[in-house]
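K.L.:
After the structure tokens below, expect a handful of questions from me.
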Amino acid sequence: MKIKKFALITVFVCLSLLVSCSNNQSFEDYFHKKMAENKKEFEEEVNYSYALIHQEQNVVHPDDAVAIFLENNLQGEQIFIAYFEKINENWNWKQTRGSEWDTPQKWSSMTMSPYIYSGAISDEAIKEVYAGQEQAKIIQVKGNKRFWYAISNNKDVSVKFINEDGTEEFIEKIDEEMLKDWTGKKKK
């Protein structure tokens with residue numbers, strides 16, 4: 001009788017674990033599923049594609065994540081950062097910001113907490129980036145193309161680049177001079 005009771009309890013525990021594991025989708029599985037759904041929105045001739053470059057979990061609190069990914073879409077190649085939270089065992093895509101290489105927009109920030117500041121850089125002289133007091137993580141993407149992000153509790157902080165020679169430069173969101181040249185190139 002004890003053996004039957006023990007076997008029954010063991011089967012019940014194993015089934016419970018199996019069911020709970022099958023409902024617990026990994027972050028990476030969730031991300032790829034969402035990107036596959038996104039691909040369906042594009043015409044075949046767009047040649048839509050994406051590549052997950054970097055992911056990090058438990059960045060602000062347990063059960064959250066950031067993902068950095070490249071996407072080829074109607075605008076060409078773009079790089080994005082997205083913030084996710086797991087609520088009631090389900091991942092939720094909360095915020096996204098994108099960037100392009102060598103554009104007048106030097107960085108952007110998410111509009112809701114957590115405030116994630118980010119940008120694309122291709123200047124190899126840039127050694128460090130700060131958003132307020134937070135040092136950014138710099139991710140190597142390909143060639144001299146890198147992407148940085150910093151998570152802050154504060155909205156509207158200053159962004160600063162520190163170059164290899166030690167010089168510091170506060171960076172505005174938009175490079176006005178580059179914008180003038182870039183606008184002219186877009187009209188041609």
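The values are calculated or read from the model by the stated rules, or taken from the named source; none is laboratory data. If you're wondering where the values come from, they're calculated on a predicted model, not measured in any experiment. Backbone-built Cβ (ideal geometry, glycine too); neighbour counts: all protein chains shown.
K.L.:
Name the residues in region 81-90 that are in contact (Cβ under 8 Å) with a residue 60 or more places away in the chain and assigned to a loop (DSSP other than H, G, I, E, B), would you?
P.N.:
Matches in region 81-90: 89 only.
K.L.:
Of everything in region 40-76 that's of a type in the set (S, T, N, Q) and surrounded by fewer than 17 Cβ atoms within 10 Å (Cβ to Cβ), which residue is nearest to residue 103 (Cα to Cα)?
P.N.:
75
Conditions tested, residue by residue: (1) closer than 30 Å to residue 45 by Cβ; (2) among the polar types (S, T, N, Q).
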| site | (1), (2) |
| --- | --- |
| 75 | yes, yes |
| 81 | yes, no |
| 90 | no, yes |
| 122 | yes, yes |
| 131 | no, no |
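K.L.:
Are there any pairs, at least 6 apart or on different chains, whose C-beta atoms fall under 9 Å, with the first in region 173-188 and among the basic types (Lys, Arg) and the second modelled with pLDDT under 75 and assigned to a helix (DSSP H, G or I), and if so, which?
P.N.:
Partner pairs satisfying both residue conditions: none exist.
K.L.:
Sticking with this structure for a sec: Restricting the search to region 53-93, which residues are of a type in the set (S, T, N, Q) and more than 23 Å from residue 136 (Cα to Cα)?
P.N.:
Once the filter is applied, which keeps residues that are of a type in the set (S, T, N, Q) and more than 23 Å from residue 136 (Cα to Cα), region 53-93 yields 72, 73, 75, 88, 90, 92.
K.L.:
Only residues that are farther than 20 Å from residue 31 by Cα, surrounded by 15 or more Cβ atoms within 10 Å (Cβ to Cβ) and among the aliphatic types (A, V, I, L, M): list them for region 87-136, please.
P.N.:
The answer is 120, 121, 126, 129, 131, 136.
Here's the yes/no breakdown for (1) under 16 Å from the mean Cα position of the chain (by Cα); (2) not in a helix (DSSP H, G or I):
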{"position": "28", "(1), (2)": "yes, no"}
{"position": "32", "(1), (2)": "yes, no"}
{"position": "36", "(1), (2)": "no, no"}
{"position": "79", "(1), (2)": "yes, yes"}
{"position": "92", "(1), (2)": "yes, yes"}
{"position": "102", "(1), (2)": "no, yes"}
{"position": "113", "(1), (2)": "yes, yes"}
{"position": "120", "(1), (2)": "yes, yes"}
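K.L.:
Here's something else I'd like to know. Among the residues of region 123-161, which ones are among the polar types (S, T, N, Q) and either over 19 Å from residue 97 (Cβ atoms) or outside any loop (DSSP other than H, G, I, E, B) (or both)?
P.N.:
133, 135, 140, 144, 152
K.L.:
Looking at this structure, is residue 118 of a type in the set (S, T, N, Q), within 25 Å of residue 93 (Cβ to Cβ) and modelled with pLDDT of 95 or more?
P.N.:
yes
K.L.:
Within region 61-73, work out how many residues are farther than 30 Å from residue 45 by Cα and not aliphatic (A, V, I, L, M).
P.N.:
Qualifying residue count, region 61-73: 4.
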